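What follows is a set of notes on a single structure, which appears directly below.
The values are calculated or read from the model by the stated rules, or taken from the named source; none is laboratory data. Owing to the predicted nature of the structure, the values given are computational and were not obtained by experimental measurement. Note that we place each Cβ from the backbone using ideal geometry, even for glycine, and neighbour counts take in every protein chain shown.
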Amino acid sequence: MKRKPWALMIGAIMIAVAVGSCGNNPANADAKGTLGGRVGLMGENWKKGFSATGDFSGITVAMQGTPYSTTTAANGTWSIKNLPQGTYILTMSKQGYMTYVDSSFQFVGGGTVTYDRMNNGYYLWRRPDYTVTSFSASVDRDRNVIFTGAISSPPVNGISRDVTVFYSTTSPASRSASFGSDDVELPGPGAQINGSSHSQLTLPSGTRVYMVAYPGPSTINGGHDGLQFYPLNILPASNEVSIMIP
């Protein structure tokens, strides 16, 4: 017996819908899980140390642009339950501290996941309460850069302060356009910047190098030895200066 054309068409549509549903896997698309971790707090200078027993409560952990957020317990632990799988902008923040941002965190869902992208836990640095009020630089015959200038307030309680200098071959200089950085320590007691580069510049003679300084150590500012997850240029920069490689 011949099958009618409309019956064949309906059968084909039903097969196509079934295959398409298997390919999209809606069960996985709706998978949920628990995301958790631990975050601590640091002073504006690493020499203040990290205390495993400090009060780390009140840090907000959030998936930006969604209703999924929580705050830490006193020991810094946190968890977000029933989080759907997906890609999120994860933030950790507290008043007076730098905000940590992971702009492309992928959560697979389906269980409990510990957030530890840095492999050793997280901490928020205290936001510097000083600025770089003046900044200048020169270079000697050996290609060492000498920095001078001042910050708005001197170190307190014997804890040194820092500024981070970024180098760029284009103007305006910025952290995002830099090819290197230097961490300059200010031990006090005054607010003067007096330091030099940690290594010689190896660019060709005649190259102009632009520099800008930010308050805080390289760990805050995302230098080569620092975290890369703080928003770019969130702190106020100094005036730009330039030198010519001899």
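Quick look at the values:
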| item | result |
| --- | --- |
| Residue among D55, D102 that is within 18 Å of T34 (Cβ to Cβ) and modelled with pLDDT under 90 | D102 |
| One residue from A173, A137 being modelled with pLDDT of 95 or more and either buried (at least 20 other Cβ atoms within 10 Å of the Cβ) or within 11 Å of M211 (Cβ to Cβ) (or both) | A137 |
| Pairs with Cβ under 8 Å, 6+ apart, first in region 100-116 and under 10 Å from L83 (Cα atoms), second hydroxyl-bearing (S, T, Y) and crowded, with 17+ Cβ neighbours inside 10 Å | F107/Y88 |
| Within region 77-120, tally of residues that are buried (at least 18 other Cβ atoms within 10 Å of the Cβ), over 19 Å from G58 (Cα atoms) and in contact with a helix residue (DSSP H, G or I) (Cβ under 9 Å, 6 or more places away or on another chain) | 1 |
| Evaluation of G190 against (1) under 26 Å from D129 (Cβ atoms); (2) under 24 Å from the mean Cα position of the chain (by Cα); (3) at pLDDT 85 or above; (4) part of a loop (DSSP other than H, G, I, E, B) (one fails), failing number | (2) |
